[in-house]
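The values are calculated or read from the model by the stated rules, or taken from the named source; none is laboratory data. Note that the structure is a prediction, hence the values are computed from the model and not measured. All Cβ positions, glycine included, derive from the backbone under ideal geometry; neighbour counts span all protein chains shown. To get the accessible areas, we keep the full protein, side chains included, count just its heavy atoms, and leave off ligands, DNA and RNA. Shrake-Rupley method; radii C 1.70, N 1.55, O 1.52, S 1.80 Å.
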Amino acid sequence: MSAPVVTYMIATRNRVGELEKTLASCFEQEGPAAEVVVVDDASTDGTADMVRSKFPRVDLIRHERNKGSIASRNVILQRARGKYVIGLDDDSRFTEPDGCRRVVERMETEPDLGIISFQVVGPEHPERMTPEGRLVGEWHTASFAACGVAIRRSMLEKTGLLPEYFYHAYEEPDLCLRAWDAGYQVLQWNDVVVYHEFSGLNRNEQRTHRRHARNEACSGVMRAPWPLVVPLVVARLAGQFRYAIKRGWGWREPRVWAEVAVYLPRALRYRRPVSARALKIALAVNRWKVADPEAVWAFGDLPWRVILTKSEEAPTAAAPMSGDAP
């Protein structure tokens, strides 16, 4: 049997009903040969039995012990045979039957594209539920949502996999930073849409914030050039503290700082810094929208002053990032 062109990557835990709909949608997609790989991360709701009985073509891996979404996705990335990996959550799916085909066609013609992030609609983004409220166009980015993304598998040979000790949260920006450093572009392509059911099962906003803030700081230790580690980590923790205060969780933020201290030895052990140029690009694309695949690299030549102050001296191809960006 020839290797598939696409591997669908789905990590799941205790969302058997949502997963069934997602798997059905994968097999309804048009396009090249695809395999579907699912990691059941120690579910207790009959997930594995449902997959085996209703979707025998799925390559199912079951964890008897909960290892987290990041470790589960790494298992799939190591097992994947497809040239492109399409990541979905167990409760997300393409809204159109040609989504997979269009993504593959674009990545085939643009070999510098390492990651494509899709537009996500659903209960978490109610303003996008109508065509009039959707994001339009495309621009380069420094993150993506794991519920809707395409990854060029060969890129991972240069970037490495996801940091498993994060357990959950912030693995996406960390991978994007390494993608830019490896010479690959990361694109937000809003023409491709996934519906994210955003099930409330296994979701806790404060817990997610704590993990995100902790892992964001650890990523700074792992990836920033040495002179930038302390200012970057301090700035990230301060930004997360401000967010926590707005949400009414400020008094809990010392737990984040304590966890960063506990995780620091691991962050140092897995430290693989990127270039200052790549870090500039990753920060800049969060401040300006740039669609031009050549102009985006000019961000790496900007002075830090311009990037950190969002100066008007940005490249002429850049537009200020507005509030409608994901």
When the residues of region 21-33 are filtered to those that are out of contact with any helix residue (DSSP H, G or I) (no Cβ under 7 Å at 6 or more places or on another chain) and among the small types (Gly, Ala, Ser), which remaining residue is farthest from residue 10 (Cα to Cα)? 33
Of all residues making up region 110-134, the number that are in contact with a helix residue (DSSP H, G or I) (Cβ under 6 Å, 6 or more places away or on another chain) and in a loop (DSSP other than H, G, I, E, B): 1
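Of 66, 74, which residue is in contact (Cβ under 8 Å) with a residue 24 or more places away in the chain and part of a loop (DSSP other than H, G, I, E, B)?
66
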Which residue out of 274, 256 is among the hydrophobic types (A, V, I, L, M, F, W, C), in a helix (DSSP H, G or I) and at pLDDT 95 or above? 256
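Taking the conditions exactly as written (open to solvent by 10 Å² or more (accessible area, probe 1.4 Å), in contact with a Phe, Trp or Tyr (Cβ under 9 Å, 6 or more places away or on another chain) and acidic (Asp, Glu)), does residue 89 satisfy them or not?
Details: open to solvent by 10 Å² or more (accessible area, probe 1.4 Å): yes; in contact with a Phe, Trp or Tyr (Cβ under 9 Å, 6 or more places away or on another chain): yes; acidic (Asp, Glu): yes.
Taking the combined requirement at face value, the residue satisfies it.
Restricting attention to region 97-119, and to residues there that are open to solvent by 10 Å² or more (accessible area, probe 1.4 Å) and not acidic (Asp, Glu), which single residue is farthest from residue 30 (Cα to Cα)? Please lay out each step first, then the result.
First, pick out the residues of region 97-119 that are open to solvent by 10 Å² or more (accessible area, probe 1.4 Å): 97-98, 101-102, 104-106, 108-112.
With not acidic (Asp, Glu) added as a condition, the list becomes 97, 101-102, 104, 106, 109, 111.
Working: 97: 6, 101: 6, 102: 9, 104: 11, 106: 15, 109: 18, 111: 22 Å.
Result: 111.
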Would you mind finding the one in 234, 194, 285 that is open to solvent by less than 10 Å² (accessible area, probe 1.4 Å) and over 24 Å from residue 160 (Cβ atoms)? 194
Report yes if some residue within region 45-60 is among the small types (Gly, Ala, Ser) and surrounded by 20 or more Cβ atoms within 10 Å (Cβ to Cβ); otherwise report no. no
Within region 135-173, how many residues turn out to be open to solvent by less than 20 Å² (accessible area, probe 1.4 Å), among the polar types (S, T, N, Q) and part of a loop (DSSP other than H, G, I, E, B)? 1
Could you check how many residues of region 19-65 are under 24 Å from residue 96 (Cβ atoms) and of a type outside the set (A, V, I, L, M, F, W, C)? 12
